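The values are calculated or read from the model by the stated rules, or taken from the named source; none is laboratory data. No experiment lies behind these values; they were computed from the predicted model shown. Note that we place each Cβ from the backbone using ideal geometry, even for glycine, and neighbour counts take in every protein chain shown. Quick note on the areas: whole protein, heavy atoms, side chains included, nothing else; ligands and nucleic acids left out. Shrake-Rupley method; radii C 1.70, N 1.55, O 1.52, S 1.80 Å.
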Amino acid sequence: EFIDSYVFNQVENIRFNSTVGKFVGYTEVGLKNAETWNKGSELARELGELERYCKHNADIHYSNVL
């Protein structure tokens, strides 16, 4: 699971969660940004990070845990 959180003044405003597959907002500003980011190139960038980093390294980290 890949989670990318955006926090300001110790308040989580928005989060990308790979399980959900999109940005989720938790504040008024976060909700507005999530709606915009889910329609733009930011969502494609996060999905690219999921493919580039998480899926590539998942087998390595999983075997180390076992």
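Couple of notes before you dig in:
- Selection from the stretch 1-30 of residues that are out of contact with any Cys (no Cβ under 9 Å at 6 or more places or on another chain), surrounded by 15 or more Cβ atoms within 10 Å (Cβ to Cβ) and either in a helix (DSSP H, G or I) or touching a residue at least 24 places away in the same chain (Cβ under 8 Å) (or both): Tyr6, Phe16, Gly30
- In a residue-by-residue description of the stretch 44-55, the property of being in a helix (DSSP H, G or I), in contact (Cβ under 8 Å) with a residue 12 or more places away in the chain and open to solvent by 80 Å² or more (accessible area, probe 1.4 Å) applies to at least one position.
- No other residue among Leu66, Leu43 is under 19 Å from Val7 (Cα atoms) and either out of contact with any Asp or Glu (no Cβ under 6 Å at 6 or more places or on another chain) or modelled with pLDDT under 95 (or both) apart from Leu43.
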